[in-house]
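Asker: Quick one: the structure is below, questions incoming.
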Amino acid sequence: MDASQPLVAVLGGGAAGFFGAIACAEANPQTQVVLLEKTGKLLGKVRISGGGRCNVTHACETPAQLVAHYPRGNKQLKAAFQQFGVTETIAWFAKRGVQLKTEADGRIFPTTDSSETIAKALEEAARKAGVRIVTNTNVDEIQPLPTGGFQLKLSGSGAAQFSSVLYATRLLVATGGNPKSANYDWLRELGHSIAEPVPSLFTFNVPNSPLSELMGVSVPQARVVLAGEKLQYEGPLLVTHWGVSGPAVLKLSAWGARRLHELDYVGTALVNWIPAFTEDTLRTWLQQFRQENGKKTVAANPQFGLPQRLWRNLTEQAGIGTETKWSDLPAKSQNRLLELLLRSPLAVRGKTTYKEEFVTCGGISLDEVDLKTMQSRRVPGVYFAGEVLDIDGITGGFNFQAAWTTGFIAGRALAAPLAVEV
């Protein structure tokens, strides 16, 4: 390596790390950019996300629309998304030969439906920009130097390339989120505060669920409310063998990540299977339906577009016999059915990670970062990008968008001052 050239060390070989490294190297080719990944696998989350399709981003026309999907970092990200948002992300990949498509629910994927398309595009862009990638290399210690820059003490098989010590002019920390608070100690030692990490984007365990026999049943629109709390979310819901899942639950878990942690993931989830109705409008509908369909049996004729198995389960819970007709339905049973349609209680007793979509709520406190450049306010020369920051979005491509945005801004900022220093 040329000791006369400034060197930027990027810690982390994920989405944010790659994007930051590429942005820096492309903006200032005179800068040496070294990306260090502690494992032997690059872009691991990119490769497995979205069921192997990689949900790159989400169709939002404005930064204001985009920030509404971030439980942590929403206010602070607005200016960042004005710099580099969804439009810029689509253009960035298109310029590198990757075409994206928008699905009906707003999620954006590569037209190949393969995450390898995204991973290969990032690796190729890094190679063309001259980024040096070193895997199996762990940074054990970061020591700021009195004359500026940093000394990194390295370990792992890749460390031998640098005789276990690397001197860097600037650092980009893009090491991702981690559920264990102790894994942020090295950043605390640098002088940073950490918003305590807790899980986000998880499903609800319901051990004694009245829906236990309905595994695989889904509804396109349900509202899930946490009883006694202000937390609620509306969207598709899936019944699983362990409880309930689907976007309605996942997004509720994201917005309520800290509160649910405080509750030790114990509470009552109330499911409204027909959120288009209020109690009053539902009563009116039921009265009219009974008058017009009195001879029909209740259990055998699902209403509101609900799946047959779910409807039958709800009628059983309401104590309605299989041969009971609407005209013979007792008021008590009708009231019970109404209650179950609007507020089916599920006793939540724990959480389950949703496939690969695990996200950490917590990380570097945003008050300690200049979000115009992603540079630390505590340690000049250190920049942050991705999930290591106290930023997380709901499912749907929002966490990748935050990675692209913060990585790009950090990478460009890393390059700009170095251009002056050469």
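The values are calculated or read from the model by the stated rules, or taken from the named source; none is laboratory data. Only a predicted model underlies this, so the values are computations on that prediction, with no experimental measurement involved. Virtual Cβ from ideal backbone geometry, glycine too; neighbours counted across all protein chains shown.
Asker: Could you tell me whether the range 400-417 includes any residue that is among the small types (Gly, Ala, Ser), assigned by TED's automatic domain parsing to the domain that holds Thr57, in contact with a His (Cβ under 7 Å, 6 or more places away or on another chain) and modelled with pLDDT of 95 or more?
Answerer: Filtering the range 400-417 for residues among the small types (Gly, Ala, Ser) gives 402-403, 407, 410-411, 413, 415-416.
Going one step further and asking which of them are assigned by TED's automatic domain parsing to the domain that holds Thr57, we end up with 402-403, 407, 410-411, 413, 415-416.
Narrowing further to those that are in contact with a His (Cβ under 7 Å, 6 or more places away or on another chain): none.
Scanning the range 400-417, I find no residue that is among the small types (Gly, Ala, Ser), assigned by TED's automatic domain parsing to the domain that holds Thr57, in contact with a His (Cβ under 7 Å, 6 or more places away or on another chain) and modelled with pLDDT of 95 or more, so the answer is no.
Asker: Restricting to the range 23-48, name every residue that is assigned to a helix (DSSP H, G or I) and either β-branched (Val, Ile, Thr) or under 15 Å from Glu387 (Cα atoms) (or both).
Answerer: We begin by selecting, within the range 23-48, every residue assigned to a helix (DSSP H, G or I); these are 23-27, 44-48.
Gly44, Lys45, Val46, Ile48, listed by residue number.
Asker: Follow-up. What are the residues in the range 141-165 that are touching a residue at least 60 places away in the same chain (Cβ under 8 Å), more than 19 Å from Tyr383 (Cα to Cα) and in a loop (DSSP other than H, G, I, E, B), if any?
Answerer: Gly156
Asker: Considering each residue of the range 337-357, count those that are under 30 Å from Arg53 (Cα atoms) and either assigned to a strand (DSSP E or B) or at pLDDT 95 or above (or both), and give that number.
Answerer: Within the range 337-357, residues that are under 30 Å from Arg53 (Cα atoms) and either assigned to a strand (DSSP E or B) or at pLDDT 95 or above (or both) number 4.
Asker: Within the group Ala159, Ala126, which residue is at pLDDT 95 or above, closer than 30 Å to Lys95 by Cα and assigned by TED's automatic domain parsing to the domain that holds Trp186?
Answerer: Ala126
Asker: Same structure again: Exactly one of these conditions fails for Ser333: (1) buried (at least 16 other Cβ atoms within 10 Å of the Cβ); (2) of a type in the set (Gly, Ala, Ser); (3) in a loop (DSSP other than H, G, I, E, B). Give me its number.
Answerer: Only one criterion is unmet by Ser333, namely (3).
Asker: Let me ask you something else. Could we say that Gln82 is of a type outside the set (Gly, Ala, Ser), closer than 18 Å to Ala403 by Cα and surrounded by fewer than 16 Cβ atoms within 10 Å (Cβ to Cβ) here? Before the answer, list the steps.
Answerer: Numbers: of a type outside the set (Gly, Ala, Ser): yes; closer than 18 Å to Ala403 by Cα: yes; surrounded by fewer than 16 Cβ atoms within 10 Å (Cβ to Cβ): yes.
Yes.
Asker: So how many residues does the range 166-210 have that are part of a loop (DSSP other than H, G, I, E, B) and either surrounded by fewer than 16 Cβ atoms within 10 Å (Cβ to Cβ) or polar (S, T, N, Q) (or both)?
Answerer: Count: 10.
Asker: Residues of the range 97-140 being free of Cβ contacts under 8 Å to residues at least 60 places away in the same chain, surrounded by 14 or more Cβ atoms within 10 Å (Cβ to Cβ) and either in contact with a helix residue (DSSP H, G or I) (Cβ under 6 Å, 6 or more places away or on another chain) or among the small types (Gly, Ala, Ser) (or both), which ones?
Answerer: If the condition is that a residue be free of Cβ contacts under 8 Å to residues at least 60 places away in the same chain, surrounded by 14 or more Cβ atoms within 10 Å (Cβ to Cβ) and either in contact with a helix residue (DSSP H, G or I) (Cβ under 6 Å, 6 or more places away or on another chain) or among the small types (Gly, Ala, Ser) (or both), then Val98, Leu100, Pro110, Ala121 are the ones that fit.
Asker: When the residues of the range 66-79 are filtered to those that are touching a strand residue (DSSP E or B) at 6+ places or on another chain (Cβ under 9 Å) and either not aromatic (Phe, Trp, Tyr) or not in a loop (DSSP other than H, G, I, E, B) (or both), which remaining residue is surrounded by the fewest Cβ atoms within 10 Å (Cβ to Cβ)?
Answerer: Per the criteria, the residue is Gln76.
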